[in-house]
1. Can you figure out the FRET efficiency of Trp166 with Arg386, using R₀ = 35 Å and their beta-carbon distance, to the nearest 0.05?
2. If you count only protein heavy atoms with a 1.4 Å probe, what accessible area per residue comes out for the chain, rounded to a whole Å²?
3. Tell me the relative contact order for the chain as a rounded percent, counting alpha carbon contacts under 8 Å between residues six or more apart.
4. Suppose R0 equals 41 Å. What FRET efficiency, 1/(1 + (r/R0)^6) with r the Cβ-Cβ distance, do Asp274 and Met173 give to the nearest 0.05?
5. Residue by residue, what Karplus-based ³J(HN,Hα) values in Hz, rounded to whole numbers, does the stretch 303-316 have, using 6.51, -1.76 and 1.60 with θ = phi - 60° and x for Gly and Pro?
6. First check a/c for the stretch 289-391, with a ≥ b ≥ c the square roots of the eigenvalues of its C-alpha gyration tensor; if it is under 1.5, answer rounded, and if not, answer prolate when a/b is larger than b/c or oblate otherwise.
7. Checking the a/c ratio against 1.5 first, then a/b against b/c, what shape does the Cα gyration tensor give for the stretch 125-187?
8. Starting from the Cα-Cα distance between Tyr205 and Ile328, subtract it from 0.36 nm times their residue separation and give me the gain in nm to one decimal.
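The values are calculated or read from the model by the stated rules, or taken from the named source; none is laboratory data. Remember, it's a predicted structure, so these values are computed and weren't measured experimentally. Using ideal geometry, Cβ is built from the backbone for each residue, glycine included, and neighbour counts are taken over all protein chains shown. When the accessible area is computed, the model is the full protein with side chains, heavy atoms only, and any ligands, DNA or RNA have been set aside. Shrake-Rupley method; radii C 1.70, N 1.55, O 1.52, S 1.80 Å.
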Amino acid sequence: MAAPALTIFQPARPFTLPLTGVAIAIAAWIIVQAEAQMLWMFTIALAMGVALYHASYGFSGAYRNFFVRRDTRGIDSQIILLGLTTVLFAPVLSQGSAFGNVVGGAVAPVGIGMAAGAFLFGIGMQLGGACASGSLYTAGSGNPRMAIVLVFFCAGAFWGSLDLAWWQSLPSMPALSLAGEWGWEIALPAQLAMLGLLYFLLRRYRQQKNRKENTAEDMPLTRRLLRGPWPLIWGGVSLAFLNWLTLVSVGHPWAITWGFTLWGAKVAALVGWDPLTSGFWTGGFQQQALEQPIWRDTTSVMNLGILAGATFAMLIGGRKAARWDRRIGPLLAAIVGGLMLGYGARLAYGCNIGAFISGAASTSLHGWVWILCALPGNWIGMKMRRLFWRE
């Protein structure tokens, strides 16, 4: 019997219809309103959403598997992602320009507030069940609980912006990067050597050989690219290249949580909040972004692109979205976790993408401090999950 022809889009299910409409509306809105540069960034983000969804590329699950099962596959892929991103960033950041654009890395100060934010973010990762990129692509793929996490992520990020001045008044160090101190000639091999050592130590830590990934190896390559699932390595390599493409296109690495902070502030302004009451939102880039439509904000446009890309990947892959969990425990965990994710990200100058991957790939010290503080937070968050639901 002949093999059935490839059907790209599966028959519509009730939840796919509104998601499809939202994704098409977002894409059309960006196309109509945005400039050519924003359309390009939206396209890059679409590819990010597809890669994240097809590879199921998350951070919170990777850390949970690491602590509970001594399964290092997720962290292994993050080491590869970070190493490749560092290699791609190095020639661009060492020159300070690319294709006529001035570029700069994600470098931020290290202080008590920054460390506390990363720790809170780590707890929120386990209560919410996702990180910043994870909440975007899972919400885009129709996960109703993650949509709640995303709403409170925005609220928490806005809340953090109001308290940021106090946290920044606590002791801190100036922004510092290894490349700035040593030069890229030393910083690049030193960081790659450190990542290689970490990869080796993780292999020794494994209790047993990692389980084989479900990569649908018997599926033709073209079909697997379109419909997934992808191996984690495909997701890591894709995201590293797309992060580099973001850097050379807009002059800074991939970031996510600034968009959430801005969305929260815009909603607050609509319901009566006065931006003049906050030093963070008075003057400078923040006030300008608040006064302009979101399609003029690069991070917001890319976040919307990731949502739309995940929706497209879900539809073309023919997979079902997660069911709605109506229990009060998981709902409260989504709310509390979302608030901690947003608040922590604002204090820590970013999330697992903006602070850790983009920061560490820029050889910023704050990127490494971020992960050292976020991992204990993840461990505590795992223990706190028991307060909300049974595993």
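1. Working from the Cβ atoms, E equals 0.65.
2. The answer is 45 Å² per residue.
3. Value for the chain: 40 percent.
4. On the way: r = 34 Å, r/R0 = 0.82.
So, using R0 = 41 Å, E works out to roughly 0.75.
5. In residue order, the calculated couplings are 4, 5, x, 5, 4, 5, x, 5, 4, 4, 5, 5, 5, 6 Hz.
6. Oblate is the answer for the stretch 289-391, as a/c is 1.5 or above yet b/c matches or exceeds a/b.
7. On the way: a/c = 4.03, a/b = 1.61, b/c = 2.50.
Taking the square roots of the gyration eigenvalues as a ≥ b ≥ c, the stretch 125-187 is oblate.
8. Working: separation 123, 0.36 × 123 = 44.28 nm, distance 3.70 nm.
In short, 40.6 nm is gained.
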